[in-house]
Amino acid sequence: MLVFTRLLPLWVFLCLPALAAEVVVNVAGSDGKPVNNALVVVQNLDHHERESYRVLTDAEGNTPSHDLAPGLYRAIATYPYSRWRPEIREFVVTNQPITIRLMLTKGSRLDTLDVAIGRLSVHVVDARGKPVTGAHVLVRDGNATPHSEHWGTTDANGQTSLELTLEPSVLVVVYQNRVYTFSANAFDTERTLQLK
């Protein structure tokens with residue numbers, strides 16, 4: 001009986017379902033039509049951009065569903081050897097199923113060299129204008145080029161400073177399991193981001 005009671009907690013633990021949520025990525029063109037055979041890569045940003053999976057979309061523009069553990073992720077949709085521009089979005093997985101929608105636009109892409117051009121002072125405030133402490137802030141270019149990505153965490157005044165590379169285009173704030181996305185540019189040296 002003593003052995004059974006010692007093993008019971010372990011047995012109960014092994015029978016509990018793992019925490020995960022079903023994630024589907026949907027890819028469409030700027031005209032709203034589904035994009036078939038787009039390549040979707042999902043990265044786990046909590047584990048240094050480790051790739052979670054890569055798949056092709058079906059005729060409806062959807063990926064097969066995947067169960068992901070709670071955390072911060074990035075979805076990248078691309079159509080290699082075409083004029084579609086990659087679309088990238090960060091997202092948070094909790095315990096609810098989610099669909100991430102990405103829209104590809106057409107255009108030409110020229111490779112650029114990432115060069116540091118200065119720093120951006122970011123002030124994050126809530127809907128009432130109060131400073132947000134402990135928010136994670138990312139600045140990156142439109143393709144999430146590794147050299148363009150710079151992270152910071154807001155202090156007690158809701159502020160952080162980020163290095164900028166040549167073509168910053170996206171600011172991402174991660175706070176309380178929500179992701180807020182803002183546009184960025186190479187001209188601003190200060191930004192206030194309000195979380196609504």
*Straight-line reach from Lys130: which lysines have Cα under 27 Å away, leaving out those fewer than 8 places along the same chain?*
Lys196
*Could you list Leu39, Leu72 in order of exposure, starting from the residue whose Cβ has the fewest other Cβ atoms within 10 Å?*
Leu39, Leu72
*Going by how many other Cβ atoms sit within 10 Å of their own, how do Asp31, Asp67 line up, fewest first?*
Asp31, Asp67
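Using only alpha carbon pairs under 8 Å that are at least six residues apart, calculate the relative contact order of the chain and give it in whole percent.
Once divided by the residue count of the chain, the mean separation gives 17 percent.
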*Hey, what angle do you get for helix 2-15 against the long axis of the chain, alpha-carbon based, 0 to 90 degrees rounded to 10?*
30
*With an 8 Å cut-off on Cα pairs and a minimum separation of 6 or more residues, tell me the relative contact order of the range 118-194 in percent.*
38
*From the square roots a ≥ b ≥ c of the eigenvalues of the alpha-carbon gyration tensor of the chain, which class results: rounded (a/c under 1.5), prolate (a/b over b/c), or oblate?*
oblate
*Once you list every other residue whose beta carbon is under 15 Å from the beta carbon of Leu72, what net charge do they have if Lys and Arg are +1 and Asp and Glu are -1?*
0
*How would you rank Lys106, Lys196, Lys33, going from fewest to most other Cβ atoms within 10 Å of each one's own Cβ?*
Lys196, Lys33, Lys106
_Isotropic mean projected area of the C-alpha convex hull, the range 22-105 (nm²)_ = 5.0
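FYI, it's all coordinate maths here, none of it is from the lab. Nothing here was measured: the structure is a model prediction, and the numbers come from that model. Counting neighbours? That spans all protein chains shown, and the Cβs are built from the backbone with ideal geometry, glycine included.
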